[in-house]
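The values are calculated or read from the model by the stated rules, or taken from the named source; none is laboratory data. A quick note: this is a predicted structure, and the numbers were derived from the prediction, not measured. In this analysis, Cβ positions are derived from the backbone assuming ideal geometry, glycine residues included, and neighbour counts consider all displayed protein chains.
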Amino acid sequence: MSQARASKWYIEYAAPSLGHMHGIDGILVSRQTQFQKVDILKTNIYGKALALDEKMQSTQEDEFIYHEALVHPAMIAHPAPRSVFIVGGGEGATLREALRHPTVERAVMVDIDDQVISLSKEHLPEWHQGAFDDPRAEVISTDARKYLEESKEIFDVIITDLSEPVEEGPAYLLYTREFYRIACEHLSPGGTISVQAGSAAHPFLLAFSAVYQTMRTAFPTVRGFSVNIPSFGLPWGFTLASKGVDPLAMSREVVDRVLAERGLTDLRFYDGLAHQGIFGLPRHIRKGLDSANLIIEDNHPIFTYH
C-alpha cells in the first residue's frame, strides 16, 4: 500500500550534488547561538533529531548506535576506567553511556555551547535520561582545549563527540595534531581516546582519513572503525587510540566477558561480535586511510565542501 509523501523535507548535503532527505513533521527549535546553528526537528521516521550547522548529529530512533559505538569500545579497552573526559556531547547521551560503567567515579563533560546543553535538557530527555543529574557528572560550558591546557588532571578515557572539523566551525581546533598531543598528556598509562571522524563512505573519506592520520602523530596505537547509522545516510567513521590495549587484539570472548563483569549485557548495539565487525574495515577503506597524507594542524585545517 502506498503512503503519501512527506510535505516538508530536511536535506543534509554530503556534497553539492548529493544529499540525504528526511521527511519532517515540524521544527521544535531553530536557533543561532554564539557558536553554531541549532535545529531540533521532528522527523517522520527517526523521531526527534538534533542538527548543528545543518549536519545531523543524532536521532531518537538510532542514536543508541552512534553513542554506544563512540563510547564502549574505548571504555572496554581500559581495564578499569575511573575518570572520563567528554569533549562536546551536548545531548548528554555520550555522558549517559560512559556513566553506565560502574568503575567510573568521575565524568567531566565540557561543551562550549551552553545553549545546546540547555536545549537538550529541555527537548531531548530520551538522549540524556537523567545523566546530567548523576552525582559523578561534572558538566562545564567552556572551551575543552583551554580546559585541558590549564589543567593537570589525568583521565583514563577521553571521548570527543563533536561536529565536523571544518575551519569555520567551533570544533576544528579539537581535531588537530596540537590538540591530540595535549590530550595524550592528559591520559593515564593505558588510557584511550575515542573520536567521531566523519563519513566512512568512499569517496567521502577526507575527514576520516585526516583524523586517523593526525591521531597517529600523537598516539602509539590508532585504529579506525566504521558503523552503519541509518539516519546519517552513509556509514560513519570513528577512531580509537590507545596507550595500552590494541582494540584489534580484543577477541569477541574478551569483550563479552568485560561487558558482563560491568553489568552491560543489555546494550542494544555493542557486544563482542559487533566489536569484531566494526573494526573489520573493507580493503578499500583501509587503503584510503593508510595512503592519505592529511595532517590537521592549528594553522592548517582541512576543508570539506561548503
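From (1) within 20 Å of Ala201 (Cβ to Cβ); (2) in contact (Cβ under 8 Å) with a residue 12 or more places away in the chain, pick out the condition that doesn't hold for Gly19.
Checking Gly19 against (1) within 20 Å of Ala201 (Cβ to Cβ); (2) in contact (Cβ under 8 Å) with a residue 12 or more places away in the chain, the one that fails is (2).
With respect to Ala218, is the statement that it is outside any helix (DSSP H, G or I) and farther than 26 Å from Ala51 by Cα true?
Values: outside any helix (DSSP H, G or I): yes; farther than 26 Å from Ala51 by Cα: yes.
Here the answer is yes, as Ala218 does meet what is asked.
Can you find, within segment 218-262, the residue that is farthest from Gln60 (Cα to Cα) among those that are crowded, with 16+ Cβ neighbours inside 10 Å and of a type in the set (S, T, N, Q)?
Thr221
Would you please name the residue that is surrounded by the most Cβ atoms within 10 Å (Cβ to Cβ), looking only at residues in segment 181-208 that are of a type in the set (Gly, Ala, Ser) and in a loop (DSSP other than H, G, I, E, B)? Explain how you work it out, then say what you get.
If we filter segment 181-208 for residues that are of a type in the set (Gly, Ala, Ser), which is where we start, we get 183, 188, 190-191, 194, 197-201, 207.
Still in the list and also in a loop (DSSP other than H, G, I, E, B): 200-201.
Working: Ala200: 25, Ala201: 17.
Ranking the qualifying residues of segment 181-208, first place goes to Ala200.
Can you tell me which residue is nearest to Leu206 (Cα to Cα) among those in segment 257-288 that are in contact with a strand residue (DSSP E or B) (Cβ under 9 Å, 6 or more places away or on another chain) and either modelled with pLDDT under 95 or β-branched (Val, Ile, Thr) (or both)?
The residue in question is Ile285.
Evaluate the following for Asp53: is it under 19 Å from the mean Cα position of the chain (by Cα), at pLDDT 90 or above and on the phi > 0 side of the Ramachandran plot? Lay out the reasoning, then the answer.
Working: under 19 Å from the mean Cα position of the chain (by Cα): yes; at pLDDT 90 or above: yes; on the phi > 0 side of the Ramachandran plot: yes.
So Asp53 passes the test.
Within segment 15-56, which residues are more than 21 Å from Arg5 (Cβ to Cβ) and among the acidic types (Asp, Glu)?
Residues satisfying the conditions are Asp39, Asp53, Glu54.
Take the residues of segment 1-28 that are β-branched (Val, Ile, Thr) and loosely packed, with under 15 Cβ neighbours inside 10 Å: which is farthest from Ile65 (Cα to Cα)? Show your work before the answer.
Filtering segment 1-28 for residues β-branched (Val, Ile, Thr) gives 11, 24, 27.
Cutting the leftovers down to loosely packed, with under 15 Cβ neighbours inside 10 Å gives us 11, 27.
Working: Ile11: 22, Ile27: 24 Å.
For segment 1-28, the residue satisfying everything is Ile27.
Filtering segment 4-50 down to residues that are basic (Lys, Arg) and more than 20 Å from the chain's Cα centre (by Cα), which residue is nearest to Trp236 (Cα to Cα)?
Taking segment 4-50 as the starting set, the residues that turn out to be basic (Lys, Arg) are 5, 8, 31, 37, 42, 48.
Add one more test, that the residue is more than 20 Å from the chain's Cα centre (by Cα), and what stays is 5, 8, 31, 42.
Details: Arg5: 27, Lys8: 26, Arg31: 26, Lys42: 22 Å.
Among residues in segment 4-50 that are basic (Lys, Arg) and more than 20 Å from the chain's Cα centre (by Cα), the one nearest to Trp236 (Cα to Cα) is Lys42.
So, restricting to helices (runs of 4 or more DSSP H) that lie completely within segment 237-306, which ones have at least 3 residues that are more than 14 Å from Ala210 (Cβ to Cβ) and not charged (D, E, K, R)?
252-261, 272-279
Please return the ranges of strands (runs of 3 or more DSSP E) entirely within segment 60-157 where 3 or more residues are surrounded by fewer than 23 Cβ atoms within 10 Å (Cβ to Cβ) and either acidic (Asp, Glu) or assigned by TED's automatic domain parsing to the domain that holds Val254 (or both). Give the derivation first.
Values: elements: 83-88, 106-110, 137-140.
It comes to 106-110, 137-140.
Any residue in segment 205-214 that is farther than 19 Å from Leu162 by Cβ and in contact (Cβ under 8 Å) with a residue 12 or more places away in the chain? Let's see the steps before the verdict.
Residues of segment 205-214 that are farther than 19 Å from Leu162 by Cβ, as a first pass: none.
Looking through segment 205-214, none of the residues is farther than 19 Å from Leu162 by Cβ and in contact (Cβ under 8 Å) with a residue 12 or more places away in the chain.
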